[in-house]
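Enquirer: Please find one structure pasted underneath; my questions will follow.
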Amino acid sequence: MANVNAGHHDHHPDQEELRTFAFWIYLMTDVILFATLFATYIVLQGSTDGGPGPKDLFQMNGIYASTFILLTSSFTSGLAILAMNKGNRLALMNWLGVTIFLGASFLFLEINEFIHMVSEGATIGTSAFLTAFYTLVGTHGLHVTLGMGWMIIVIMQIAKHGITPVTKRKVNIISLFWHFLDVVWIFVFTIVYVMGVN
Amino acid sequence: MWESVKEFASEFFVTGDPLIYGADVSIVLSIIAIVSVLTYFKKWGWLWREWLTTVDHKKIGIMYILASVLMLFRGGVDALLMRAQLVMPEMQFLSGDHYNQIFTTHGVIMILFMAMPLMFGLFNVIVPLQLGARDVAFPFLNALSFWLFFSGAMLFNLSFVIGGSPDAGWLAYPPYSELAFNPGPGQDFYIWGIQISGIGSLMTGINFIVTILKVRAPGMTLMKMPMFSWSVLSSCIAIVFAFPILTVTLALLFIDRYLGGHFFTLDGGGNPMMYINLIWMWGHPEVYIIVLPAFGIFSEIVATFSRKKLFGYKSMVFAMIIISVLSFLVWAHHFFTMGSGADVNAFFAVTTMLIAIPTGVKVFNWLFTMFRGKITFETPMLWTVGIIPNFVIGGMTGVLLSVAPADFQYHNSYFLIAHFHQVIIAGVVFGFFAGLYYWWPKIFGFKLNERIGRWAFWLWNIGFYLCFMPQYALGLMGMTRRLYTYGWDKGWFEMNLVSTIGAVIMGAAFLVQIWDIAHSIKHMKRDTTGDPWNARTLEWSIPSPAPFYNFAVMPQVTSQDDWHERKLRIEQGLEKPAKVELEPIHMPKNSGIPIVMSMFWFFVGFGLIFDWLWMAVPGFISVIACMVVHSFNYDTDYYVTVEEIKRTEAEAGRVIT
């Protein structure tokens, strides 16, 4: 049933619009979730308990690279939307694929960073600062992972059903989510990394 | 081999207390009873098709209410155990540890597993009907929310017989709730029980915001919306802002306990005070989240039983919105004594006092609605009128507590206990009772017995005053909370005795209500009108109980209290009952995914509590799998035919030609 409202005039509101609206509210709850994590990080960032601090641990070159990659992936997810609006199914799937690839590269760099830090003895249990750091950055990374899995599922559905009102809404929502992750990352980049090393 | 099994069992199951063996036996017996009754009457298929997989908001609401009544029973038993321990000095009934576990579970169960689901139950059965909607915005999500709540509640309750109950108070303050001081699984049961059901609450919040803002009947502008729906909207907005903070707070505590983190520990640079801030940033709005819908219920009942339009509709709406905003600016009044300094305390004292203003506005509006009304005192109205003095006393003692310097005297005393029980029992629980009596005929199709209902009302109220008024005095005399015994020399005996008698009377009142339900089912008089109270809002315009599609024809709303106005116009001959043209109705299909997915969440929680990754990891993968399966399912709805609508309406006593 591609369009459940087709042919029937009942007073049901448009399901796809409802879902998009609900997703905006969900994003608001996610904003609060991250705001809380940022607050805990800011409170605890000086509590290194004699262990390593931001200046000792952060390697900014890798962070610049991953920031650039994530911002680019937001751009490519925008290109996917443009392709969708033109009705170009193949380009849509390709751009989503590129976005996933960039997301995976970002994640690869992040995991590398974590491994490097742990190898220097900076684990989640070392100090309150590190607990807050791994939790905040890790939660963002978890969201990226989730977004990638979600995107794969959306691509499979486009392959199966084509561009329909339902898949269109799904692409719009995942792209919204992806942009949101980008915005959160800009805060992580500024508050955790840039302000941490300066 | 046998030795290690025995060792495992002695740690896994809680042992050593006759109360717990009694609970073990009764759990096993009731499971056997349920399973054999269902099997004997061949009801498994019916149960699965009609209830466990339902996405009908009315059935989900009934399941919420049922679960919440069971939890009220358990939380009430906890309360009676505590009062039995405190009835006189030097009682040997409960040990100190056991007492800690009981007040912890009492608090958690009453707020999160009794008040919240009772509230969600009323949201579910009433809000779509009041809005003139066919369902909530997201029926599947709604079912998932219920089952997540149910899984979380079961997980939490299991701690009583498996592993051990949490004992760090209902908000689990660190450092006591940290691994160093509290190594058993009790605290992890707390974290996961609340976490899983909290995700359900958050989704309910989103669902009802969208429902109220987007799926109202044509013509129903926001300012024509019934007051209960307004109260639900303001409560849900508070849910959406507050619950993510709870999710994070519990997750951080879990990271401390499970991964060796240092958010709230005493060592490693942790900051226990941060937990207390975070938990109250959720916890304070939470009490307004549960009380706002009760305000909505009072508003509906007062208007109906005074035969008058609600006085000051707009001020009521604004008061609710102001309350839901202010509720986020007062959290630090829960720890005035913890060294925040005079400026901070002053800010939070003033914001706290400010809440009394919109609340006072509401009380005056109810009183002015009654003024010169033709009041009748059926049970719902009796509860509403009874609540007003109760709530006013509770509110005034709240203002006393909000005076920061004075709070240094009241803090952690029975004065505080009496205050919050007064606002939460008299404001929230009695409010939801009023709502249950009021909407019972709409939900089940028959009224509850008035005479027995009055008995329950008086017993509850007498028991309530007997139980909590002495506690104000005890608090001023220096009796602190979380105290499991006290000496004869304190002079607290008489008032504790009275308090316990009050608690027993409330317990009896609960039994009278159960009897009321049983009696009313036995002597059921079907409500054939659909509108037994001569009420004012849309839910009363359809047969009781409402057909599964709610409205055969979508109502066209023209005014506030639209159903009342329509009845008036028809009576005066200005309007004829509308000629109806039926169309097929678009409905969601049932789904087994919500219950299955929540069961997997249960495994995730249980696995993490006992550090069994072999259970938690497959559980989590299955949760994801359920989501994927649902995402790929495009066949989620169907149409009800005109013939079936006609047949259903005819069975409910309405002829549509």
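Enquirer: What number of lysine-lysine pairs in chain A show an alpha-carbon separation below 30 angstrom, given a sequence spacing of 8 or more or placement on distinct chains?
Expert: 5
Enquirer: In square nanometres, what is the average projected area of the Cα convex hull of region B:536-609?
Expert: Here the figure is 8.3 nm², rounded to one decimal.
Enquirer: Measure off 7 Å from each Cα along the Cα-to-Cβ vector at B:ALA346 and B:LEU38, then give the distance between these two points in nanometres to one decimal.
Expert: 6.1
Enquirer: May I pose another question? Roughly how far apart, in whole Å, are the Cα centres of region B:361-425 and region B:120-156?
Expert: One Cα centre to the other: 29 Å.
Enquirer: How big is the dipole moment of chain B about its Cα centre under a simple scheme where the beta carbon of each Lys and Arg is +1, that of each Asp and Glu is -1, and everything else is neutral? Debye, nearest 20, please.
Expert: Dipole about the Cα centre, nearest 20: 2420 debye.
Enquirer: Using Cα centres only, tell me the gap between region B:446-473 and region B:615-657 in whole Å.
Expert: 41
Enquirer: Here's another thing I want to ask about it. Where the only charges are on Cβ atoms (+1 Lys, Arg; -1 Asp, Glu), what is the dipole of region A:94-198 about its Cα centre, to the nearest 20 debye?
Expert: 620
Enquirer: Write down Rg/Rh for region B:7-118, rounded to two decimals, with Rg from the C-alpha atoms and Rh from the Kirkwood relation over Cα pairs.
Expert: With Rh from the inverse mean 1/r over Cα pairs, Rg/Rh is 1.07.
Enquirer: Per residue of A:144-155, what is the mean number of Cβ atoms on other protein chains within 10 angstrom of that residue's Cβ?
Expert: 1
Enquirer: Put +1 on the Cβ of every Lys and Arg and -1 on every Asp and Glu Cβ in chain B; which of B:LEU179, B:VAL210, B:ALA349 then has its Cα farthest towards the positive end of the dipole?
Expert: Value: B:VAL210.
Enquirer: Provide the packing ranking of B:177-188, B:20-31, i.e. peptides ordered by the mean count of other C-beta atoms within 10 Å per residue, highest first.
Expert: Highest to lowest by the protection proxy: B:177-188, B:20-31.
Enquirer: Tell me which aspartates and glutamates have Cα within less than 14 Å of B:LYS589's Cα, excluding those fewer than 8 residues away on the same chain?
Expert: Counting by Cα, and skipping residues close in sequence, B:LYS589 has these aspartates and glutamates nearby: B:GLU50, B:ASP56, B:ASP135, B:ASP635, B:ASP637.
Enquirer: Quote the relative contact order of chain A in percent (integer), defining contacts as alpha-carbon pairs under 8 Å separated by 6+ residues.
Expert: Computed over chain A, the figure is 33 percent.
Enquirer: For region B:463-520, which trypsin sites (Lys or Arg not before Pro) are both in a DSSP coil and crowded by at most 12 other Cβ atoms within 10 Å?
Expert: B:ARG482
Enquirer: OK, next. Neighbouring Cβ atoms within 10 Å as the yardstick, rank B:MET82, A:MET151 fewest first.
Expert: Listed from fewest to most nearby Cβ atoms, that is B:MET82, A:MET151.
Enquirer: Roughly how crowded by other chains is peptide A:22-34, in terms of the mean Cβ count from those chains within 10 Å of each of its Cβ atoms?
Expert: Across A:22-34, the average partner-chain Cβ count within 10 Å equals 5.
Enquirer: Over all pairs of distinct alpha carbons, what does the Kirkwood formula give as the hydrodynamic radius of the protein assembly as shown, in Å?
Expert: Computed over the protein assembly as shown, the radius equals 28.9 Å.
Enquirer: Follow-up question, since we're still on this one. Kindly rank B:139-151, B:51-63, B:117-129 from highest to lowest mean number of other beta carbons found within 10 Å of each residue.
Expert: B:117-129, B:139-151, B:51-63
Enquirer: Enter the Cα centre distance for the pair region A:115-184 and region A:94-112, rounded to the nearest angstrom.
Expert: Answer, in whole Å: 10.
Enquirer: Continuing with this model, one more query. Tell me which chymotrypsin sites (Phe, Trp or Tyr not before Pro) from region B:523-629 have a DSSP coil assignment and no more than 14 other beta carbons within 10 Å of their own.
Expert: Answer by residue number: B:TRP612.
Enquirer: Let me ask another. Evaluate peptide B:626-635: per residue, the Cβ atoms of other protein chains within 10 Å of its Cβ; return the mean as an integer.
Expert: 3
Every read-out reported here was derived from the displayed coordinates using simple, explicitly stated rules and does not represent laboratory data. Source: prediction; values computed, not measured. With ideal geometry, Cβ positions are generated from the backbone for all residues, glycine too; neighbour counts draw on all protein chains shown.
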